[in-house]
Amino acid sequence: MKILLKNGFVINVFTGEIEKTNVLIGEERILGVGDYEDNEADIAEDVSGKYICPGFIDGHIHIESTMLSPYEFARAVVPRGTTAVVADPHEIANVSGRSGIGYMLEASEQLPMTVYMMLPSCVPATRFDESGAVLEAENLEPLYQHPRVLGLGEMMNYPGVLADDEKILRKIADARKRGKLVNGHAPLLSGKALDKYIAAGINDDHECSSVEEAKERIRKGQWVMIREGTAARNLADLLPLFEKPWSNRCLLVTDDRHPADLLEKGHIDGMIRKAVEAGKSVITGIQMATIQAAQCFGLKDTGAVAPGYIADILVLSDLSNVQICDVYYHGEKMVNHGKMSEFKQPSVRHDIWKAVRNSFCLSELCEKDFYIEPKGEKCRVIKTIPSQLLTEEMIAEIDFLHGNGIDLERDILKLAVIERHLSTGHIGLGFLSGIGMKKGAIASSVSHDAHNLIVLGADERDMVVAANGIRAMGGGLIVVADGAVLARMPLPIGGLMSELSALEAAKENEHIRRAIHSLGVPEHIEPFMTMAFVSLPVIPKIKMTTRGLVDVERQEMVSLFV
């Protein structure tokens, strides 16, 4: 069937021009752009006064971090103009290994959105992590044959690259010899160290938090992914990159975004809107979200409204506000005036489904599990930075006689990371500052990247209730105060994803947030997403693992006591 979109304003992502013309769609591809007539199509749709542009591409996302299944994720973002994503399933791979990757591949088949995959490069992320699986180069090799696998996911273990770690370099070499890409992840790396990292074959980076950091990468040939997630919101700081020549080497990504934010603020459309509100060009934003994302990943027939390109097309009723009216995926109209068409949920093999549903192996916890034996007066405290994944090291005098070190007046809370995959009994204990919680405790099975059980509290008894609540649910998020559960969000798929609809998950997500703020946490802080990265020892400066504190820059374990 041929479809003609006529009298629309077509955005040419190659030149930045806007031209009033017609677009002819046939089967899955665009047949032409120009003076086509009604009689050349089976269906003619008049889109007078509306704008036509390519579907948006999220160049780096962990679907698991939306806490939605791939099916529900598609239902949430396709109406917002996303027709393709490049996903790295390293979250569920750290929980369930190849079964986790298999789940993501099978659960994303035949959606009205193309889900490309980058194979997880770091399972576990570092030698300090205790994850549910270990994936070496030989475990990944067969998966490169899958048609939606584009390469090797973010190489977070940049210290391993710099140290010429043979296992790390083999993973990179395996991808490159197949003509595949390798994603980067190297916050604050610069100079000769950055040169060596890029020379190893690293294509891009999504961890830039400053303009100068991003410009150095662009000058050295990398693509820069401008990120705006739930915890890491870098768009405002990187707005100068929307100007040429820098904009030509940038794309837009969300990385990690919670369901409430997806439904309220949007997806890639929301990022473009935010840039436009800050005075940047909507055309530049669309170019970053379409053709440049496609070029970054070598997708030669994707990302433009032009002859021969895949017919992933958006019809916008308002350009500057990025208001999406209709969405065509591979030539089929999937969103009509904002309403999503129904589509079948992909099936997943029983053995894979069973593997990702039974991911908790943890004994019941008690108050003594959270006790820190005093070995000095001064301790290292992890200090969070608003809207960043980076942390600072703070040295503080700790009073262990009252609350075993918890000091609410100085915003010092107790932190625990508890191994939950293999029942090792390992628990890393310490302190965290920057959240502002005045009472209670929160806990989560979402703690990057090993996804062990992480607990943060102003009260040890509430920490016990919160930890055991997550254990009983088989994964999820929970908020506790005075021994009572205020809110919970079960995440039974790998301890990472809900089985609910996007709308229902967003409501639970919002309920969790309101409960957190009732504990005194300021409105602008998202503690669950912030806390989730406190256990990732590849983002400077100091992080907590099941084995204790890690100095990320030195890649060494360090004592809690100074």
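What follows draws every value from the coordinates through simple rules; no lab data is involved. Predicted model only: the values in this text are computed from it and were never measured. Methodologically, a virtual Cβ is constructed for each residue, glycine included, from the backbone with ideal geometry; neighbour enumeration extends over all protein chains shown.
Structural remarks
- Residue order, fewest to most surrounding Cβ atoms within 10 angstrom, among Asp261, Asp449: Asp261, Asp449
- Straight-line cross-link partners of Lys344 among the lysines, defined as a Cα under 17 Å from its Cα and at least 8 positions apart when in the same chain: Lys333.
- Arg148-Glu243 pseudo-label distance in nm [points 7 Å out on the Cα-to-Cβ vector]: 4.0 nm
- You can think of it this way: the chain between Arg357 and Arg410 has 15.1 nm of extra reach, that is 0.36 nm per residue less the Cα-Cα gap.
- Cα-based Rg / Dmax (Å) for the range 55-300: 16.9, 48
- Anchor Lys354: aspartates and glutamates whose Cα lies under 20 Å away (excluding residues fewer than 8 positions away in-chain): Glu64, Glu72, Glu91, Glu106, Glu109, Glu499
- In the range 206-254, trypsin sites (Lys or Arg not before Pro) in a DSSP loop with at most 16 other beta-carbon atoms within 10 Å: Lys220
- Protection proxy ranking of 544-553, 41-50, by the mean of other Cβ atoms within 10 Å over each peptide's residues and highest first, is 544-553, 41-50.
- Potential lengthening of the chain between Lys192 and Lys507 amounts to 108.7 nm, from the contour at 0.36 nm per residue minus the alpha-carbon distance.
- Mean Kyte hydropathy of -1.0 or more with a Cα span along the axis of at least 15 Å, helices from DSSP in the chain: 90-107, 166-177, 460-473, 502-517
- Fraction of beta bridges assigned by DSSP in the range 55-300 that are antiparallel (%, nearest 5): 5 percent
- Spin-label pair Glu106/His337, simplified geometry with 7 Å Cα→Cβ offset, distance in nm: 4.0 nm
- Scaled to the globular estimate 2.2 N^0.38 Å, the Cα spread of the chain, given as radius of gyration, is 0.97.
- Anchor Lys167: lysines whose Cα lies under 18 Å away (excluding residues fewer than 8 positions away in-chain): Lys177, Lys180, Lys196
- The residues Ser281, Ser99, Ser341, when put in order of fewest to most other Cβ atoms within 10 Å, stand as Ser341, Ser281, Ser99.
- Listed residue pairs exceeding 19 Å between alpha carbons, taken from Lys438/Lys541; Lys215/Lys541; Lys220/Lys280; Lys414/Lys507; Lys220/Lys244; Lys171/Lys215: Lys438/Lys541; Lys215/Lys541; Lys220/Lys280; Lys414/Lys507; Lys171/Lys215
- Stretch gain in nm, segment Val211-Thr15, where the contour uses 0.36 nm per residue and the Cα spacing is subtracted: 68.1 nm
- Cα centroid of the range 403-444 to Cα centroid of the range 93-120, whole Å: 32 Å
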